[in-house]
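Asker: Sharing a structure with you now.
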Amino acid sequence: MLSKNCFISPFRDDREMVRNLMPHGDFLEVYCKASLATCEQRDVKGLYKKARAGEIKNYTGIDSPYEEPLKPELVVDTEFLNLQDSVGKVMQLLQEREIAKARADESSSITQVG
């Protein structure tokens, strides 16, 4: 049975630890790539601004590191892909791994996962 859990970590060692806990092939590392400048530009909650002002400590990319994946199963470069194309790349991977099933109506953006 495939696990449908996800987690986010800025650290390679944490991601590798979780990968090693999973049966081979069940862990998919998806790197949603964006520069720090882009993340700050997209920050509707103002968290990066607060982190830069010292109001939030250990904020990823500001005073805590982000370690890019070395060999992710998928890289989604959100600097150059719009949201629909980014989601499409993730869904394609999930469909290839038979984690998600494509709907008969491919024009729909809703895909059944299961």
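Please treat every number below as a calculation from the coordinates, not as lab data. Keep in mind that this is a model prediction, so the values were computed, not measured. All Cβ positions, even for glycine, are placed from backbone atoms using ideal geometry, and neighbour counts span all protein chains on display.
Asker: Nearest 10 degrees is fine. How inclined is helix 83-96 to the longest principal axis of the chain, computing both from alpha carbons?
Answerer: The helix 83-96 is inclined about 50 degrees to the chain.
Asker: Can you give the translational diffusion coefficient of segment 8-69 in µm²/s, computed by Stokes-Einstein from the Kirkwood radius over Cα pairs at 37 °C and 0.692 mPa s?
Answerer: Value of D from the Cα-based Kirkwood radius: 248 µm²/s.
Asker: Provide, for the chain, the number of lysine pairs with alpha carbons under 15 Å apart, each pair being eight or more places apart or on different chains.
Answerer: So the count works out to 5.
Asker: Anyone know which of V44, V30, V75 comes out most mobile in the 10 Å Cα GNM of the chain?
Answerer: V44
Asker: Can you give the longest stretch of the chain with no exposed loop site, where a site means trypsin sites (Lys or Arg not before Pro) in a DSSP loop (not H, G, I, E or B) with at most 16 other C-beta atoms within 10 Å?
Answerer: By the stated rule (loop sites, at most 16 other Cβ atoms within 10 Å), 5-44.
Asker: If you take the Cα atoms of the chain, find Rg, then find the Kirkwood Rh from the mean of 1/r over all pairs, what is Rg/Rh?
Answerer: Answer for the chain: 1.01.
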